[in-house]
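Below: the structure, in structure tokens.
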Amino acid sequence: MPETRLLHISDTHLGKRQYGSDVRRDDFADSFERAIKLAVDRNVDAVIHTGDLFDDPVPSLPTVMRCADALEPLEERNIPFYGIVGNHERKNNDQWLDLLRRTNAVTRLDRASTVVGDVALYGIDAVRPSVWDTADFDLEAPPEDIQCSILCMHELLEPPAEGIVADHPVEDVLERVNIDLDGLALGDLHQPKSTHVDGTDVWYASSTERCAKDQEETGLVQLLEIEDGDLTRRQLELETRPWAVFHIAFGENDSASHVQDVFDRRDLNNAVAKIELTGERGAVTANEVIRMARDAGAAVVSVDDNRGRVDIDVDSIEAMSLQGLDGAIEERLADEDFSAVALDVDGRVREGEGLNDSVSGAANDLEPALRDAQQAAFDEVETPDEDIDVPVTMEGDE
């Protein structure tokens, strides 16, 4: 049988306003579109997406529409798009993938085999930690002429994930599925890690956009080539916005000229500038650093002002070596079924972008959305037969 070629993409996080920036929201959509174009250019037989197509359970209508538009080139060339639901986008009932399926744009993978060439594809949506031990991992037996079976999941499994970041051992999955797997295609970890366990190739595709300051890899996808049952993978890189991640150490008498000297030695043109301020507090404010970074050409600026704080030894925190503390916090929050408002407020508070500098000012900024969410909660209690999802958009400065 001829070679079967699949493009594996994951963790596109459409709609993510990283650092409160509309520029970054567009970047995530642009990277997704580049991945789709790559699938078309490589003339693959299908695209598989292993979760977190969207960044949250209630994406905005423009985000969903742009996603549908991006998928049109696949439809025009009869290239199927197969996906599963990730923890960020997971809802209690119908999923956004189900809506896109009604437009013939995508197919949601499940425990029944979906055949592409001589490959059987399966999918299990992100499993809530509270039901992991009782979750059903049984898969339908593949057709007799199938040469390769691949299961798509959205989990943090060790290996390839490591230490505190991992939620479950990969052996647990391989023991609980009732068929032999040639490949376990994973999403959730935003790094391209892989391993072999008991004859099964296990790998993460990575994310299509840089999701955290300590994710040094640029946007990545995986090209899978299967021939006569042999599975090979090639990592392909997408063009993404450059990042400049650095710190500025302040002495007691350092002024704005010290900041400018640092900027003059770095290329911030059109970049995401993630800057940490350390050392002594002085006359230069964090807002002044943001303004100067923008003047130096940065498209997006986020500043962590840690001046005057006591250093803490975090060498023992293994999560720092993978997704970072922010990434680990986001993954845990996504598993807890918080509302879109709660997640948005948490992200804005931790990132600090787009909020008033004073406590009372920040509270005033957040109050309208919180009141709307409170009213929606009361309305839901009064009409328990209705499933109400309240999309909330909270704009901040870029």
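The values are calculated or read from the model by the stated rules, or taken from the named source; none is laboratory data. Quantities reported herein were computed from a predicted structural model and do not represent experimental measurements. Here Cβ is always computed from backbone atoms with ideal geometry, including for glycine, and neighbour counts include all displayed protein chains.
Closer than 30 Å to R281 by Cβ, crowded, with 19+ Cβ neighbours inside 10 Å and modelled with pLDDT of 95 or more: does that describe I248?
Yes, satisfied.
Can you name the condition, by its number, that S207 falls short on among (1) within 19 Å of Q18 (Cα to Cα); (2) outside any loop (DSSP other than H, G, I, E, B); (3) small (G, A, S)?
It is condition (2) that S207 fails.
Search region 251-267 for residues being touching a helix residue (DSSP H, G or I) at 6+ places or on another chain (Cβ under 7 Å) and surrounded by 15 or more Cβ atoms within 10 Å (Cβ to Cβ), and hand back the single one that is farthest from A286 (Cα to Cα).
F263
In region 142-181, which residue that is in a helix (DSSP H, G or I) and crowded, with 21+ Cβ neighbours inside 10 Å is modelled with the lowest pLDDT?
Within region 142-181, the match that is modelled with the lowest pLDDT is V165.
If only one of R5, R66, R25 is outside any loop (DSSP other than H, G, I, E, B), among the basic types (K, R) and touching a residue at least 60 places away in the same chain (Cβ under 8 Å), which one is it?
The conditions single out R5.
Collect the residues in region 114-141 that are within 26 Å of the chain's Cα centre (by Cα), in a loop (DSSP other than H, G, I, E, B) and crowded, with 19+ Cβ neighbours inside 10 Å, keeping them in residue-number order.
D125, A126, V127
Any idea how many residues of region 231-274 are in contact (Cβ under 8 Å) with a residue 12 or more places away in the chain and in a strand (DSSP E or B)?
Total satisfying the criteria: 17.
Pick from region 92-111 the residues that are surrounded by 13 or more Cβ atoms within 10 Å (Cβ to Cβ) and part of a loop (DSSP other than H, G, I, E, B): which of them is modelled with the lowest pLDDT?
Q95
Where residues in region 275-289 are assigned to a loop (DSSP other than H, G, I, E, B) and either touching a residue at least 12 places away in the same chain (Cβ under 8 Å) or aromatic (F, W, Y) (or both), which of them is nearest to P242 (Cα to Cα)?
V284
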